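Comments concern the structure below.
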Amino acid sequence: MALPRKTEKSEKDEGLPSEFKELIDLIVTYAKQQTIDPLKALGRWVGLGVAGAFLVGLGFLLLAVALLRLLQTELHRQLSGNLSWIPYLAVVVFLAIVIAMTLRQISRGPGSKEH
């Protein structure tokens, strides 16, 4: 007994939905490759940057408190009474200088040729 032959029309009907499904799969794979994967990599860098910024900020906070305590301890006799605010002012000036230097570096940007 001979197998029935498929007509040309039935082959096109079966092939078109499978090709359309393959096209959709290709588009989804491409979209993931070009959007989701780079965003995941970017998320890792952002996470590391936020953690680094937090740790640097904490370090400068501890450095400022240490500087304040050093000035208060070493200059206690000279800066007692009405002059006890001077160590606080010195720490604020120090932190303002650090912030100004940081903002200057940020405004230059990574691609800047200035050194």
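Find, among the trypsin sites (Lys or Arg not before Pro) in the range 21-83, those assigned to loop by DSSP (not H, G, I, E, B) with at most 12 other beta-carbon atoms within 10 angstrom.
Sites meeting the loop and neighbour criteria: 77.
Just to confirm the filter: which chymotrypsin sites (Phe, Trp or Tyr not before Pro) across the range 8-109 are DSSP coil and have at most 13 other Cβ within 10 angstrom of their Cβ?
85
So if R0 is 25 Å, what FRET efficiency would residue 45 and residue 108 give, r being the distance between their Cβ atoms, rounded to the nearest 0.05?
E(calc), rounded to 0.05, equals 0.80.
All of the numbers you see were taken from the coordinates with simple rules; none came from a lab. This is a predicted model, so every value here is computed, not measured. Glycine also receives a Cβ, built like all others from the backbone with ideal geometry; neighbour counts cover every protein chain displayed.
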